[in-house]
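J.: One structure, as structure tokens, below. Some questions next.
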Number of protein chains: 4
Amino acid sequence: MSNINIGVIGYGYWGPNIVRNFFATQSCTIKMVADGRPERLSALAKIFPSIQGVKDAEDIIGNKEIDAVVIATPVFTHFGLAKRALLNGKHVLIEKPMTSSVAEADELIELAAQKGLTLMADHTFLYTGAVEKMKEIIQTEGIGSPQYFDSSRINLGLFQPDINVLWDLAPHDISILTYLITEEPVSINATGISHTGNEIENIAYLTVNYNSSFVAHFNCSWSSPVKVRQTLIGGDKKMILYNDLEPSEKVRVYDTGYNHKTEEDRTRIMVDYRTGDVSIPKLSTREALAGVAADFVQSIIQKKSPLSNALLGRSVVRILEASQKSIKNQGKEVRIK
Amino acid sequence: MSNINIGVIGYGYWGPNIVRNFFATQSCTIKMVADGRPERLSALAKIFPSIQGVKDAEDIIGNKEIDAVVIATPVFTHFGLAKRALLNGKHVLIEKPMTSSVAEADELIELAAQKGLTLMADHTFLYTGAVEKMKEIIQTEGIGSPQYFDSSRINLGLFQPDINVLWDLAPHDISILTYLITEEPVSINATGISHTGNEIENIAYLTVNYNSSFVAHFNCSWSSPVKVRQTLIGGDKKMILYNDLEPSEKVRVYDTGYNHKTEEDRTRIMVDYRTGDVSIPKLSTREALAGVAADFVQSIIQKKSPLSNALLGRSVVRILEASQKSIKNQGKEVRIK
Amino acid sequence: MSNINIGVIGYGYWGPNIVRNFFATQSCTIKMVADGRPERLSALAKIFPSIQGVKDAEDIIGNKEIDAVVIATPVFTHFGLAKRALLNGKHVLIEKPMTSSVAEADELIELAAQKGLTLMADHTFLYTGAVEKMKEIIQTEGIGSPQYFDSSRINLGLFQPDINVLWDLAPHDISILTYLITEEPVSINATGISHTGNEIENIAYLTVNYNSSFVAHFNCSWSSPVKVRQTLIGGDKKMILYNDLEPSEKVRVYDTGYNHKTEEDRTRIMVDYRTGDVSIPKLSTREALAGVAADFVQSIIQKKSPLSNALLGRSVVRILEASQKSIKNQGKEVRIK
Amino acid sequence: MSNINIGVIGYGYWGPNIVRNFFATQSCTIKMVADGRPERLSALAKIFPSIQGVKDAEDIIGNKEIDAVVIATPVFTHFGLAKRALLNGKHVLIEKPMTSSVAEADELIELAAQKGLTLMADHTFLYTGAVEKMKEIIQTEGIGSPQYFDSSRINLGLFQPDINVLWDLAPHDISILTYLITEEPVSINATGISHTGNEIENIAYLTVNYNSSFVAHFNCSWSSPVKVRQTLIGGDKKMILYNDLEPSEKVRVYDTGYNHKTEEDRTRIMVDYRTGDVSIPKLSTREALAGVAADFVQSIIQKKSPLSNALLGRSVVRILEASQKSIKNQGKEVRIK
């Protein structure tokens, strides 16, 4: 199969970006786009007259010419659409978060494996120049023993009616965490608050715990007057500041760390600090979604696992699912596996 | 009593600032300073030859000429020194955090009340131009219904050998929270991690819960390559960004907020966003510690309660104490009262 | 005339923005676009199939259906195209800088007046929310007696082959100066350097002198590793910082100023400084070019003078022309009128 | 001579810093300080009881025990004091700017040479970690062919009654320029404005011209609502941003540059841009004035030339003197030698 025929389900906020990027990707053709809203199909027709617009997603899922579908609809519809697509032999790329639950993710993963189909989650950030560079730094130079991952993603954002702020904003950062740090988390704690009376948190805090002394923390809010998109990643040799709002200097590497030595009397410690140069590497400026599209198409053709594969997508859902449970249980630790 | 004779116990990092500021304060005289380290007493003698240096704190506590003592020693010594001072009829000002436990704070508060003595905690930040201005804004113009207080205080800091990062850094922000927000907290959740193997957390996260939908969160770290001292205070009418590292523009007031209306179908909400002008008020630049000194002296003379009174000091200790319990119980909610 | 038929000459970098904005403007229709490059006409056809693309500008200038032309071609072609268009009875909007010389500008202005046609320069910045707000502040609250205008517009920019960095970058800032400050300049001094050996300066500094003690200064460079787009406007009562790179806080108003009093001994002065609050007004976010388009169309229909009229365009050219003369004369003062 | 006895003339704003730093410098002893104001001598006595305070500078200049004098008085007094000190066989360190004219500088330099005495200007910035690092970068890695030096030093500053803003602020940046760039300047242009009616400019702009295509520019103001202390230094291989207000990241090195090739048709050029990584080197944090003191003392002892020697001090005065002439001649180019 040297050319993949693609159907896109959902042409809302993100859909046009998906269509535009797959359009520019080699070895694939966008054949159809489905959206129930006539005005969205008109918008499609104006820019991409060569693509067939349909109202019903089933027209794509049931179409024999379609090899692969991209699902860009609200989260609660992901599972049903993806399952039917897989059952119809289609490769599937799903918007983040991949599913509403781990159980759903597991069922899709098993189904894709049985059918020999590619199942991929669209964690676009993994394909940015910034994350690519951080992965490279961690893998090659190293940052020493990883110590923490501390992320803030806050702004005056649109209150989602069906998912809370963690499901909305944290998938980006959790996917980055999962990609960069290979250790498996063991539990989480989360707290949050709703200011609208509908029990959908607009501010939430999440701690992810590990067997080692590594820790991850996420601060997410739709209620901040200032926009922050920032993550600190600390190792005992180097530390990274990733500020996604910087136009070009998104990644700063601090040659900074500390060692400690526990004295015989174990309550006494000696900590050696070290601060050094800072470097700001030049980053690739390729559009991340172009990387997603190419990876999806090539993974199908070469029968390889994509970077943003379904297991990574499941890991993100697993933390989100647990966080909801913890918030509803007053921050109680929730074990994950 | 129109002139207060003062003795200072502890001449370490903070002591010289205390001495210098009380020196410049009206209606008081610094008579004695106690420190067990001879080199500290020499340092004192060079700059303030008029002050008597003594090795033993008891020489101050037992001295009849001394009306009031300032305790600037490690936390675990606060209670013993303060108790003896109160028993000897001295007014007492204690460095933050006031005591190691709520029980200790309660005993001191009761003792001070019995003896009719002033007991005060040195929460210096309450006397800064920035906090003064934020209090004024909240009290006069108002920020609407308070929604959140979100604070970060992180840097590559000295690892303390006896107290964790929350006890070290959070008292500043908790005292500001307690001063600005009148609602009483009901519980807390905290998580943290130690990278030195001595069970003293160098990174910790704290959520403070309230009966209303207000929430407070604190992110404290000694392990960050960058220094951050920032707090967001959100109301539904206005929001405040307090950045203590800004040389002169520490407080920014956003004429930003949102209202919501729950539709009949309660899962649906309508949120009205509003963004508007930003204003950066001019702040008083008086040294905060000069305000602490003046408030202590005048509270003694006028028999009034200081701003940073012992009840506020106790509130801070109460949250710190609970946070330790929560961290050791995997982030479990701990009720406070 | 209630609908203006428009032809656009030049579909390079700026042309598509012009077409898009006039497309969305009421009371006008874009009928034709001329560009000699076939690939540019193809690009046009894809997005705007309703617009006729022609290779030769004369097809627009000579077309009786066309009421008005927009000229978005290299500077040295502006005069010829505009003159022929005016002679053919077309209203004309010309990209900045309007012409290559004051003589050319004068000829066009006279011709437009004779023919009763609208002649306008596209100084887009005058229509931004930031400049609109600064004009409003200066006109209503006032900044006191204007003292200086100090602008930096530097980055690692494309070296233009035919015009120097002042002709390329300074028109933005000179148009803002001319719009905000009503006093007429009397002379200029300029210095500059070329690093390419072709005598086209890539770095240049320009001082504009006035009869009063007001002064304006411009720092322009294509050779800076960092991008700066910043102007300080000082009055003796208030000062404004305009940073065009700020995403939303482009204008900051400082309630800062100083008065002076010359003592009898005139070499002695007393200066009273005042620093106060800073305010950051919310700005309109309408696309500036939409304002240009609407102003051009409405100026034609209502026979009124546009904001960015030809006299303002001439004022900008006058300063640029003089600056070139000064640079070539080692920074010598050049009088302007 | 293994211990240098030092007298300091002038104990105003900068004097206490000088005394403190020489106090901590090896191989020297501060014996006397002269200041005509009794309150300044009291201030001295409180902190440094071991130093003899005198009212009259001549008591130092005429004292046989004194080996070296430091002159920290208003500029117009530098020459007279330094000359008498040299005539009395004292080594001399003079605050920046060294003298009021090149003629004065020349006379002092000649006198010092005749007498075999050390004559040094206190250009403190040369001893900062930032300038030290920039010198090292330029000397070792190189920045390619130097292209420009562009400096801004503006704030709401104290209006000096006797010297203009260039004489007050530019010596810092001109000394850095002179230290870093070895090519000799050939002429300058300067413009400026006075807002106080006393003909002492509070805003001024200075261009320094060279035989090569290198250029330097200085923007100095006492009238800015914001404080800026920033210099860009461009080479065709690397560029440096030096921001003195950054607490620790004062120097950023951009691996950015451009080459050009003039085509046969000399008006056509091809410019190759290159942007790359940015690095922020760790800087020495030694107090700069400690470096000045050590260099002065060691230069005397070892009979070597200090970094901030009198020739460098003369170069700075030469540019300042010429700038004044240019400002008074409407920006006309003034040759220097």
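The values are calculated or read from the model by the stated rules, or taken from the named source; none is laboratory data. Predicted model, so just to flag it, every value in this text is computed and none were measured. All Cβ positions, glycine included, derive from the backbone under ideal geometry; neighbour counts span all protein chains shown. Please note that ligands, DNA and RNA were not included when accessible areas were found on the heavy atoms of the full protein model with its side chains. Shrake-Rupley method; radii C 1.70, N 1.55, O 1.52, S 1.80 Å.
J.: Sort out which residues of the stretch A:131-149 are open to solvent by less than 10 Å² (accessible area, probe 1.4 Å) and closer than 25 Å to A:I188 by Cβ, and write them in order of number.
T.: Within the stretch A:131-149, A:V131, A:M134, A:I143, A:Y148, A:F149 meet the criteria.
J.: Of all residues in the stretch B:115-132, count the ones that are within 14 Å of the chain's Cα centre (by Cα), under 17 Å from B:I18 (Cα atoms) and of a type outside the set (S, T, N, Q).
T.: The number of residues fulfilling the criteria is 7.
J.: Now for a different question. Scan (1) surrounded by 24 or more Cβ atoms within 10 Å (Cβ to Cβ); (2) in a strand (DSSP E or B) for the single condition B:N155 breaks and write down its number.
T.: In the conditions (1) surrounded by 24 or more Cβ atoms within 10 Å (Cβ to Cβ); (2) in a strand (DSSP E or B), B:N155 misses (1) alone.
J.: Moving on to the next point. Contact list please: Cβ distance under 8 Å, first residue in the stretch C:320-331 and assigned to a helix (DSSP H, G or I), second residue among the charged types (D, E, K, R) and buried (at least 24 other Cβ atoms within 10 Å of the Cβ), pairs at least six apart or on different chains.
T.: Pairs found: C:I327/C:E201.
J.: Could you tell me how many of the residues in the stretch B:1-49 are among the polar types (S, T, N, Q) and open to solvent by 90 Å² or more (accessible area, probe 1.4 Å)? Talk me through it step by step, then tell me what you get.
T.: Initial filter on the stretch B:1-49 (among the polar types (S, T, N, Q)): B:2-3, B:5, B:17, B:21, B:25-27, B:29, B:42.
When the remaining residues are screened for being open to solvent by 90 Å² or more (accessible area, probe 1.4 Å), the result is B:2, B:26.
So the count comes out to 2.
J.: Kindly establish whether D:N189 is part of a strand (DSSP E or B) and either buried (at least 24 other Cβ atoms within 10 Å of the Cβ) or in contact with a Cys (Cβ under 9 Å, 6 or more places away or on another chain) (or both).
T.: Spelling it out, D:N189 is indeed part of a strand (DSSP E or B) and either buried (at least 24 other Cβ atoms within 10 Å of the Cβ) or in contact with a Cys (Cβ under 9 Å, 6 or more places away or on another chain) (or both).
J.: If A:N211 satisfies all but one of (1) at pLDDT 95 or above; (2) open to solvent by less than 30 Å² (accessible area, probe 1.4 Å); (3) more than 20 Å from D:S279 (Cα to Cα), what's the number of the condition it fails?
T.: Here A:N211 meets the rest and fails (2).
J.: Right, next: Scan the stretch A:284-306 residue by residue and report those that are under 14 Å from A:G129 (Cβ atoms) and at pLDDT 95 or above. Walk me through how you get there before you give the answer.
T.: Of all residues in the stretch A:284-306, those under 14 Å from A:G129 (Cβ atoms) come to A:284-292.
Result: A:A288, A:L289, A:A290, A:G291, A:V292.
J.: Among the residues of the stretch B:118-153, how many are of a type in the set (F, W, Y) and in contact with an Asp or Glu (Cβ under 6 Å, 6 or more places away or on another chain)? Spell out the reasoning first.
T.: So in the stretch B:118-153, the residues of a type in the set (F, W, Y) come out as B:125, B:127, B:148-149.
Keeping just the survivors that are in contact with an Asp or Glu (Cβ under 6 Å, 6 or more places away or on another chain) gives none.
The total comes to 0.
Results for (1) of a type in the set (D, E, K, R); (2) touching a His at 6+ places or on another chain (Cβ under 8 Å), shown as yes or no for each residue.
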position	(1), (2)
A:F214	no, no
A:N219	no, yes
A:S223	no, yes
A:I233	no, no
A:K238	yes, no
A:S248	no, no
A:V251	no, no
A:D255	yes, no
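J.: Looking at D:K238, D:K250, which one is assigned by TED's automatic domain parsing to the domain that holds D:N155, open to solvent by 30 Å² or more (accessible area, probe 1.4 Å), out of contact with any helix residue (DSSP H, G or I) (no Cβ under 7 Å at 6 or more places or on another chain) and over 19 Å from D:S323 (Cβ atoms)?
T.: Answer to the check: D:K238.
J.: Go through (1) assigned by TED's automatic domain parsing to the domain that holds D:V131; (2) over 20 Å from the mean Cα position of the chain (by Cα) one by one and return the number of the condition D:Q324 breaks.
T.: Answer for D:Q324: the failing condition is (2).
J.: Now a separate question. Against the condition open to solvent by 10 Å² or more (accessible area, probe 1.4 Å) and among the β-branched types (V, I, T), how does C:T256 come out, does it pass? If you could, list the steps in order and put the result at the bottom.
T.: Working: open to solvent by 10 Å² or more (accessible area, probe 1.4 Å): no; among the β-branched types (V, I, T): yes.
So C:T256 fails the test.
J.: Find the residue count for the stretch A:188-200, including only residues that are farther than 19 Å from A:D150 by Cα, facing chain B (nearest Cβ under 7 Å) and not small (G, A, S).
T.: Count: 4.
J.: Would you call D:Q330 in the same structural domain as D:R252 (by TED's automatic domain parsing), of a type outside the set (F, W, Y) and under 18 Å from the mean Cα position of the chain (by Cα)?
T.: no
J.: I'd like to check something: does the stretch C:57-77 contain any residue that is modelled with pLDDT of 95 or more, among the polar types (S, T, N, Q) and under 26 Å from the mean Cα position of the chain (by Cα)?
T.: yes
J.: Which members of the stretch C:275-297 meet the condition of being open to solvent by 20 Å² or more (accessible area, probe 1.4 Å), among the hydrophobic types (A, V, I, L, M, F, W, C) and within 14 Å of chain B (Cβ to nearest Cβ)?
T.: Listed by number, the list holds a single entry, C:L283.
J.: To continue, here is another question. Of all residues in the stretch D:48-61, which are among the polar types (S, T, N, Q) and in contact (Cβ under 8 Å) with a residue 12 or more places away in the chain?
T.: Scanning the stretch D:48-61 gives a single hit, D:Q52.
J.: If A:Q160 meets every condition in (1) in contact with a strand residue (DSSP E or B) (Cβ under 7 Å, 6 or more places away or on another chain); (2) within 12 Å of chain B (Cβ to nearest Cβ) apart from one, which number is that one?
T.: Going through the list (1) in contact with a strand residue (DSSP E or B) (Cβ under 7 Å, 6 or more places away or on another chain); (2) within 12 Å of chain B (Cβ to nearest Cβ), A:Q160 breaks only (1).
J.: Within the stretch B:201-223, can one find any residue that is out of contact with any strand residue (DSSP E or B) (no Cβ under 9 Å at 6 or more places or on another chain), at the interface with chain A (Cβ under 10 Å from one of its Cβ atoms), within 29 Å of B:T77 (Cβ to Cβ) and of a type in the set (D, E)?
T.: For the stretch B:201-223, residues out of contact with any strand residue (DSSP E or B) (no Cβ under 9 Å at 6 or more places or on another chain), at the interface with chain A (Cβ under 10 Å from one of its Cβ atoms), within 29 Å of B:T77 (Cβ to Cβ) and of a type in the set (D, E): absent.
J.: Okay, next question. Restricting to the stretch D:229-252, count the residues that are within 9 Å of chain C (Cβ to nearest Cβ) and either modelled with pLDDT of 95 or more or assigned to a strand (DSSP E or B) (or both). If you could, list the steps in order and put the result at the bottom.
T.: Filtering the stretch D:229-252 for residues within 9 Å of chain C (Cβ to nearest Cβ) gives D:232, D:234, D:236, D:238-241, D:252.
Checking the rest, the ones that are also either modelled with pLDDT of 95 or more or assigned to a strand (DSSP E or B) (or both) come to D:232, D:234, D:238-241, D:252.
Qualifying residue count for the region: 7.
J.: In addition: Which count do you get for residues in the stretch C:62-90 that are assigned to a helix (DSSP H, G or I) and either free of Cβ contacts under 8 Å to residues at least 40 places away in the same chain or closer than 13 Å to C:L108 by Cβ (or both)?
T.: Of the residues in the stretch C:62-90, 11 are assigned to a helix (DSSP H, G or I) and either free of Cβ contacts under 8 Å to residues at least 40 places away in the same chain or closer than 13 Å to C:L108 by Cβ (or both).
J.: Taking the stretch B:328-337, which residues are facing another protein chain (nearest Cβ under 10 Å) and over 11 Å from B:V186 (Cα atoms)?
T.: B:N329, B:Q330, B:G331, B:K332 - these are the residues of the stretch B:328-337 that are facing another protein chain (nearest Cβ under 10 Å) and over 11 Å from B:V186 (Cα atoms).
J.: Can you spot a residue in the stretch A:10-20 that is out of contact with any Cys (no Cβ under 6 Å at 6 or more places or on another chain), aliphatic (A, V, I, L, M) and farther than 21 Å from A:Q298 by Cβ?
T.: For the stretch A:10-20, residues out of contact with any Cys (no Cβ under 6 Å at 6 or more places or on another chain), aliphatic (A, V, I, L, M) and farther than 21 Å from A:Q298 by Cβ: absent.
J.: Now for a separate question. Spot the failing condition for C:T99; the list is (1) closer than 15 Å to C:V33 by Cα; (2) part of a loop (DSSP other than H, G, I, E, B), and only one is missed.
T.: It is condition (1) that C:T99 fails.
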